[in-house]
Amino acid sequence: MTAHPDVAARATAGFQRAYGDTPAGRWAAPGRVNLIGEHTDYNDGFVLPFALPLRTVAAAAPHPDGTWTVCSELTGETVAFGADEVAAPGRVTGWAGYVAGVVWALRAAGHRVPGARLAVASDVPLGAGLSSSAALEAAVLTALVDLGGLDLPAEHRPRLAQRAENHYVGAPTGIMDQSAAIRCRAGHALFLDCRTERVEHIPFDLGVAGLAVLVIDSRSPHRHADGEYAARRASCEKAAALLGVPALRDVPAVDLDDALARLPDDEIRRRVRHVVTEDQRVLDTVALLRDGRTRHIGALLTASHASMRDDFAITVPQVDTAVEAALDAGALGARMTGGGFGGCVLALVEADRADAVAGAVEAAYAERGFTAPTHTTVAPAPGATRLD
Ligand code: ADP
Ligand code: MG
């Protein structure tokens, strides 16, 4: 998970190897972590991600014959497709489907997408919950928009990238990942209202506060994650219907007890309690950050983890162990980040304690015989951008 300084150079080298030519430009888009606000996105609620310094870079040039070819350093494959394959969602399979999906979504929105050759390199680990898929979509989307001179304001881009993933690839994700990859700013977290898609950039300056965010890859396999995700979504939709609201976002925290009393069983009550309290924790985190009280968000992060563990039931022993060990070693707050059943943990730590906290997590893993975790410290980085 260590940031490789020359991911852009690797994208250029890949382009030269594949096409024997130099690219017209390079476009980068970041992975993300969600500071707080888990499983709130599909409930029309609030999330607060920030972009990572780990990035995916697409080196690209127009292709006069109007087709698309893409190679990835990570897979070593080169995949070519034309308008017919793009027109049929799912036709281009595997990783290149994310790229074909972006072309499909742009064309479906009426844009004249230029043919292109692309070479992709990335420092974002795949499938670790840091959103390599949105980084790939955002890097490719930004490249195609620039190469084609398309009129597509940044605020409309996340929805198109999300459609690529939902409809072309067939993965049911919310709007958070693509919004983070495209709209984040350095030094800020992105406060996103998933109903209105309104964003606000919230200063999240760790350096000034003497703090660091440690991201720990729990290295636990994502078991049953797709089925469990679908089950949580279904529970939330059922609860909203029972409560007579469009989405759980419409249950204010102050009305939670009344709402819970109207639900038929304990499991659905716990699901609702997670979503409603989590939305409130996002709002409380934003309020603290606006006040510059960065270190005070720690307790909210830890409360979010307890809610995911006890009410939403989406954690696994590895992530619970990492959170507990980080807190025991003095982290100000810690929580699983991402959809759950594995993935990454983030811990807010005093900058000079980052190594000690990471070491404590490693020791706790060793004691339990878990696969050793990896870690990195991160600060909020910019969203998708043209490099040159
Ligand atoms: P996450 O987004 O959390 O990393 P996903 O399962 O949503 O996990 O997306 C991972 C998939 O995205 C990979 O399996 C691969 O198909 C695709 N992908 C992302 N980045 C790249 C890349 N640089 N090269 C090839 N495929 C990639
Ligand atoms: Mg993803």
* Asked: Looking at the stretch 152-178, which of its residues are polar (S, T, N, Q) and in contact with a Lys or Arg (Cβ under 9 Å, 6 or more places away or on another chain)?
  -> 178
* To do: Among the residues of the stretch 120-144, write down those that are among the hydroxyl-bearing types (Ser, Thr, Tyr), under 25 Å from residue 110 (Cα atoms) and open to solvent by less than 20 Å² (accessible area, probe 1.4 Å).
  => 142
* If we scan the stretch 117-130, do we find a residue that is within 16 Å of ligand 2 (Cβ to nearest atom), modelled with pLDDT under 95 and either touching a Lys or Arg at 6+ places or on another chain (Cβ under 7 Å) or more than 19 Å from residue 181 (Cβ to Cβ) (or both)? -> yes
* Go through the stretch 145-159 and give me each residue that's open to solvent by 10 Å² or more (accessible area, probe 1.4 Å) and part of a helix (DSSP H, G or I). => 146, 147, 148, 154, 155, 156, 157, 159
* Check 73, 77, 85 and return the single one that is in the same structural domain as residue 137 (by TED's automatic domain parsing), farther than 21 Å from residue 142 by Cβ and within 10 Å of ligand 1 (Cβ to nearest atom). => 77
* Checking residue 104 against (1) over 22 Å from the mean Cα position of the chain (by Cα); (2) assigned to a helix (DSSP H, G or I), which test does it fail? -> (1)
* Asked: Only one of (1) modelled with pLDDT of 95 or more; (2) open to solvent by 10 Å² or more (accessible area, probe 1.4 Å); (3) within 14 Å of ligand 2 (Cβ to nearest atom); (4) out of contact with any strand residue (DSSP E or B) (no Cβ under 7 Å at 6 or more places or on another chain) fails for residue 164. Which number is that?
  -> (2)
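Can you tell me which residue among 164, 171 is within 16 Å of ligand 1 (Cβ to nearest atom), part of a helix (DSSP H, G or I), among the aliphatic types (A, V, I, L, M) and touching an Asp or Glu at 6+ places or on another chain (Cβ under 6 Å)?
164
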* Please determine, by comparing only the residues of the stretch 68-99 that are assigned to a helix (DSSP H, G or I) and under 21 Å from the mean Cα position of the chain (by Cα), which one is nearest to ligand 2 (Cβ to nearest atom). => 98
* Just for the stretch 305-336: of the residues that are aliphatic (A, V, I, L, M) and not in a helix (DSSP H, G or I), which one is nearest to residue 226 (Cα to Cα)? -> 314
* To do: Could you tell me whether the stretch 344-352 includes any residue that is surrounded by fewer than 21 Cβ atoms within 10 Å (Cβ to Cβ) and in a helix (DSSP H, G or I)?
  => yes
* When only residues in the stretch 232-245 that are open to solvent by 50 Å² or more (accessible area, probe 1.4 Å) and either assigned to a loop (DSSP other than H, G, I, E, B) or without any contact (Cβ under 8 Å) to a residue 40 or more places away in the chain (or both) count, which is farthest from residue 315 (Cα to Cα)? -> 244
* Asked: Among the listed residues 327, 248, 260, 300, which satisfies the condition of being over 30 Å from residue 374 (Cα atoms) and open to solvent by 10 Å² or more (accessible area, probe 1.4 Å)?
  -> 260
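The values are calculated or read from the model by the stated rules, or taken from the named source; none is laboratory data. Given the structure is predicted, the values throughout are model-derived calculations rather than measurements. Quick reminder, even Gly has a Cβ in these numbers, built from the backbone with ideal geometry, and neighbours come from all protein chains shown. Only protein heavy atoms, including side chains, enter the accessible area calculation; ligands, DNA and RNA are left aside. Shrake-Rupley method; radii C 1.70, N 1.55, O 1.52, S 1.80 Å.
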